[in-house]
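Here is the structure we will look at.
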Amino acid sequence: RSFPRRKFIQKLINYNSRWASSFASHHVLELTEKPVGFVEAEIPIVLAKNAAERYKLADFLPFSFKATKLDLIYSTNYHGRSLQMFYKHCAKAKHTITLMEVLNNGAIIGMFATDTWRNNPKMYGDGECFLFRLKPDPVAYHWQHEISDSIRNITTINSDDEVKTLDDQSQSIQSESLIGQFMISRDTFISLGNNEDGQSGLRLNEDLSKGSSSKARGFNNEPLAGAEFPDFDIGLVEVYQLVREIDGRSIDGEEDVWKGMFD
């Protein structure tokens with residue numbers, strides 16, 4: 001049997017194109033913005049109860065985490081005010097949102113962590129961590145890759161041979177510099193982000209009653225509680241893990257096939 005002639009194939013293509021056009025939908029698919037949900041439980045959420053705050057959280061979160069609910073796992077009102085209790089109740093959660101009330105001015109600020117908070121001698125986390133303020137003037141500070149002048153000087157040497165010999169060293173310096181910008185947790189404090197002066201993007205003391213916030217490398221944030229309050233008193237602290245909206249199961253411990261595709 002001979003192969004169809006080119007003229008016949010072109011007519012077939014034109015026919016199918018007209019058919020497809022006649023049945024085409026002219027509606028533009030858009031993602032409906034909605035607030036992150038929350039799990040109704042014995043311990044009520046406080047700091048993220050209002051839909052306005054949860055709208056902003058949905059906006060701040062990476063795309064792959066938007067169809068989730070907040071599940072309260074730690075509250076200073078119910079579980080005690082200490083890092084020991086904080087670590088205990090966060091032990092099974094990897095991705096968490098920590099919210100806190102600033103007593104000095106009523107602001108609500110927080111941080112999104114991508115690894116399990118724990119007493120850890122090393123620095124950890126990754127570039128999906130971010131800092132934010134929910135009120136007033138909601139804003140999120142997502143991490144952006146930065147290379148310091150000292151690293152840049154190493155990698156811009158004119159001689160190709162010299163660049164090759166220093167490549168491993170510069171990679172090591174970059175790794176140490178970048179990892180230091182994320183999560184730090186000890187017996188006496190937890191923090192996210194840091195700067196050359198040893199200050200943090202957001203830091204809480206051992207009983208979660210005092211906090212501080214300064215501009216951190218990579219996040220380039222303003223002090224979260226306001227320029228007039230680089231150091232502040234903390235009221236209520238709440239930590240939420242993220243659970244899937246569709247079935248209420250934790251997003252942690254399962255491979256996320258969408259992660260990174262829409263960020």
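If a spin label sat at a point 7 angstrom from the Cα of Leu103 along the line to its beta carbon, the backbone N atoms of region 200-232 nearer than 15 Å would be those of 205-212, 231-232. A 1.4 Å probe, protein heavy atoms only, puts the accessible area of Arg81 near 80 Å².
Per-residue Karplus couplings for region 192-202, computed as 6.51 cos²θ - 1.76 cosθ + 1.60 with θ equal to phi - 60°, are listed in order as 10, x, 8, 9, 5, 8, x, 8, 10, x, 8 Hz, Gly and Pro entered as x.
Per-residue surface analysis assigns Thr188 an accessible area of about 80 Å², computed on protein heavy atoms at 1.4 Å probe radius.
Counting charges near Ile190 (Lys, Arg +1; Asp, Glu -1) among other residues having Cβ under 15 Å from its Cβ returns a value of +2. Amide H contacts of Ala48: none lie under 5 Å away among residues 5 or more positions distant or on a separate chain (H built 1.01 Å from N in the peptide plane; Pro and chain starts excluded). The label-point distance for Arg6 and Asn220, in a model that sets each label 7 Å from Cα toward Cβ, rounds to 5.4 nm.
Surface composition of region 80-126: carbon plus sulfur atoms hold 51% of the accessible area, using a 1.4 angstrom probe and ignoring ligands, DNA and RNA. Taking a straight Cα-Cα cut-off under 21 Å and skipping sequence neighbours fewer than 8 places away in the same chain, the lysines within cross-link reach of Lys49 are Lys34, Lys66, Lys69, Lys135. Distances between placed amide hydrogens fall under 5 Å for Ile109 paired with Met100, Val102, Leu134, all partners being 5 or more residues away or on another chain. For Glu245, the residues whose modelled amide H falls within less than 5 Å of its own, excluding neighbours fewer than 5 places apart on the same chain, are Thr68, Lys69. Karplus-derived 3J(HN,Hα) values for region 49-66, using 6.51 cos²θ - 1.76 cosθ + 1.60 with θ = phi - 60°, are 5, 6, 4, 4, 5, 6, 4, 5, 4, 4, 5, 6, 5, x, 3, 5, 10, 6 Hz; glycine and proline are entered as x.
Distance between the modelled labels on Val139 and Glu206, one decimal in nanometres: 3.4 nm (7 Å Cα→Cβ projection).
Summing Lys and Arg as +1 and Asp and Glu as -1 over all other residues whose Cβ lies under 14 Å from the Cβ of Leu202 gives a net charge of +2.
Taking all protein chains as shown and a probe of 1.4 angstrom, Glu33 keeps an accessible surface of around 110 Å².
The values are calculated or read from the model by the stated rules, or taken from the named source; none is laboratory data. Remember, predicted model here, so these are calculated numbers, not experimental data. Neighbour counts run over all protein chains shown; Cβ positions are idealised from the backbone, glycine included. In case anyone asks, the SASA skips ligands and DNA or RNA and just uses the protein heavy atoms, side chains included. Shrake-Rupley method; radii C 1.70, N 1.55, O 1.52, S 1.80 Å.
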